[in-house]
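Single-structure report; data block below.
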Amino acid sequence: MLRYMLALLLLLNATAAVACEDYTSTGKHQEYVEAINDLPVYKSMVVLNDGATVFDSPEGRIVQVSLRGPAEDMASATSFYKKVLPTLGWHPRVGKFYRNKEILDMDVISEKCQTFRIDFALKPTSKE
């Protein structure tokens, strides 16, 4: 019985190790997000492989894209975007950024396996 429990424990640890693969394997590093071409990618982050979802509507474009990075860089990456977005013409207001007739929403999410994710959603102001 003890041998069975030990084998099960080893199997569970091996499964957890596979589930926590290197975060860089889930995406590719780019200097800028392709779908939002003036949005830089923080130095330790990757754009997730499933890429961006992009729609064009009569009111403007709708884009959703996610970046992933190591958990220890969550605060510095969040600070980076809060500082750099205004230099690119985005005006912060109530947790979102506004530019021309577009809204950029930024959600920072802590994940398992010592990673975090930033989800960006761009939409026309008429969709607010």
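Residues that are more than 16 Å from the chain's Cα centre (by Cα) and not in a loop (DSSP other than H, G, I, E, B): does the range 104-120 have at least one?
Scanning the range 104-120 turns up no residue that is more than 16 Å from the chain's Cα centre (by Cα) and not in a loop (DSSP other than H, G, I, E, B).
Being more than 13 Å from the chain's Cα centre (by Cα) and part of a helix (DSSP H, G or I) is true of PRO86.
Every test in (1) in contact (Cβ under 8 Å) with a residue 12 or more places away in the chain; (2) surrounded by 13 or more Cβ atoms within 10 Å (Cβ to Cβ); (3) not small (Gly, Ala, Ser) is passed by LYS101 save one, and that test is (2).
Going by what's in this entry, would GLY27 be described as of a type outside the set (S, T, N, Q), surrounded by 13 or more Cβ atoms within 10 Å (Cβ to Cβ), modelled with pLDDT under 90 and under 14 Å from ARG117 (Cα atoms)? Considered against the rule, which asks whether it is of a type outside the set (S, T, N, Q), surrounded by 13 or more Cβ atoms within 10 Å (Cβ to Cβ), modelled with pLDDT under 90 and under 14 Å from ARG117 (Cα atoms), GLY27 comes out as yes.
Kindly indicate the residue of the range 105-124 that is touching a residue at least 40 places away in the same chain (Cβ under 8 Å) and closer than 23 Å to ASP56 by Cβ and also surrounded by the fewest Cβ atoms within 10 Å (Cβ to Cβ) among those meeting that condition. Here the residue is ASP119. Applying the criterion of being of a type in the set (Gly, Ala, Ser) and over 14 Å from the mean Cα position of the chain (by Cα) to the residues of the range 30-75, the residue that is surrounded by the most Cβ atoms within 10 Å (Cβ to Cβ) is GLY60.
The values are calculated or read from the model by the stated rules, or taken from the named source; none is laboratory data. Computed from a prediction, not measured in an experiment: that's the story for all the values here. We place every Cβ from the backbone using ideal geometry, glycine too, and count neighbours over all the protein chains shown.
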